[in-house]
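Input: a single structure, listed below in structure tokens.
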Amino acid sequence: MKKLLTLATIILIVGLAEVSKAQLAKDSWSLGFGFKYPRFLSVNTTALNGNYGGYISLQRNFSEHIGARFKAGYGHMESSYFSGLGEVTATTNIITGDLDFLYYLAPCEPVSPYLFGGVGGNYRMLSDYLTPTLEENAFIMQFNAGAGIEWCLDEDWKLVTEFAFHQTSNSSLDGAVMAAEASGNDSYIGLSLGLQYFIDKGTPSKYCQLYTGITQGQKDLTDYAKIEEMIKAHIPKEITKEIVVEKPAKAFVEKWVLVGVNFDNNSSKLTAESYPLLFDAVKTLLKNPDMKVEIEGYTDNIGSESYNQKLSERRAEAVKKYLVSKGVAESRLTVLGKGESNPVADNATADGRAMNRRIEFKVQ
């Protein structure tokens, strides 16, 4: 059974990763609903597993990262204790209302994790409980914290999985208050699985534009003049016979140096100015479906040779991942790390090292 669940999870992740992201907006409204499994965590009785519940929510996203949510739910939790008659099963039914604030860690991704925290209250209803002096029904406050993941299904729907921790304001949630612990606080957790539907979207966001490609009519902010100056200043005369172009003008070009596709020092993360050039490369590759390329990654000479070799491989993989995400068939691409070999500029200068942290395409 565990193997089947693992396989299903892998298929879900891979499948959703290929789905186009929902339109990210600067502000939006959405409705959510689903199932919830609550369970006592810190109580004076023994937690049992015969629990179930559900929820509905109304969420407002103010920006790409920040949102607020009102969530109402129902939960049925069971626990046990021993009395003179033996083991007794106590039940707690709760109706909850929570106001939480959410922070999205990676809003541009189809699988988007988030953190949340907030306050709320629950109206708890006890049955067969241990402490007879407690009121059978009562309202208590609670504090919430947790994390979740939104899985993009299409432009309007998301699958939501969430883990929540709830700390109540007293020790009566399970119906058992011990004299020595009368000032303690009960807590419980909740695992949720549900759907979220966007009922209204505001202004479309350009926050993820660098990661989704260049839209038609967008101004190219790449400083080509500076790139040309760096080339003239730092490329040695010995390699002047090598063709250096922004993109291959003809199919017979053997080496395609992506001038301007660079990386920060000690990083495989593409710099912002790299994306317009890579997007041009995508368009060229899509127009030439028979062209196969070997993506070669390079580094400067800072660090050990073995470390730079691995770093150059990661840089080549990062470019490959981008090209594949834009529709270039993976079978047309191979990657090779070249480390700090074959520098095209002087590693003694900052500009030279920046030029050497580069990507080259070898047309096969």
(Q) Can you go through VAL344, VAL293, VAL324, VAL335 and tell me which one is under 15 Å from ASN262 (Cβ atoms) and in the same structural domain as ASN262 (by TED's automatic domain parsing)? (A) VAL344
Q. Are any residues in segment 27-58 outside any strand (DSSP E or B) and farther than 21 Å from TYR103 by Cα, and if so, which ones?
A. VAL43, ASN44, THR45, LEU48, ASN49, GLY50, ASN51
Q) Would segment 295-310 turn up any residue that is touching a residue at least 60 places away in the same chain (Cβ under 8 Å) and within 13 Å of ASN265 (Cα to Cα)? A) yes
Q) Looking only at residues in segment 170-223 that are within 26 Å of ASP27 (Cβ to Cβ) and of a type in the set (D, E, K, R), which one is modelled with the lowest pLDDT? A) LYS219
**Q.** Filter result (of a type in the set (Ser, Thr, Tyr) and crowded, with 20+ Cβ neighbours inside 10 Å) within segment 295-321
**A.** TYR298, THR299, SER312
Q. Considering SER79, SER57, SER42, which residue is hydroxyl-bearing (Ser, Thr, Tyr), touching a strand residue (DSSP E or B) at 6+ places or on another chain (Cβ under 6 Å) and more than 25 Å from SER172 (Cβ to Cβ)?
A. SER57
Q: Filter segment 117-139 down to residues that are touching a Gly at 6+ places or on another chain (Cβ under 7 Å), modelled with pLDDT under 95 and either of a type in the set (A, V, I, L, M, F, W, C) or loosely packed, with under 13 Cβ neighbours inside 10 Å (or both), then give me how many there are.
A: 2
Q. Among the residues of segment 131-139, is any polar (S, T, N, Q) and either touching a Pro at 6+ places or on another chain (Cβ under 6 Å) or not assigned by TED's automatic domain parsing to the domain that holds GLN196 (or both)?
A. no
Q | Near pairs, Cβ below 8 angstrom, 6+ apart or cross-chain, from segment 261-287 (more than 13 Å from ARG358 (Cα to Cα)) to any residue that is surrounded by fewer than 16 Cβ atoms within 10 Å (Cβ to Cβ) and of a type in the set (Asp, Glu) | A | PRO276/ASP220
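The values are calculated or read from the model by the stated rules, or taken from the named source; none is laboratory data. All of these numbers come straight from a predicted model, not from anything done at the bench. Here the Cβ is made from the backbone with ideal geometry for all residues, glycine too, and neighbour counts use every protein chain on show.
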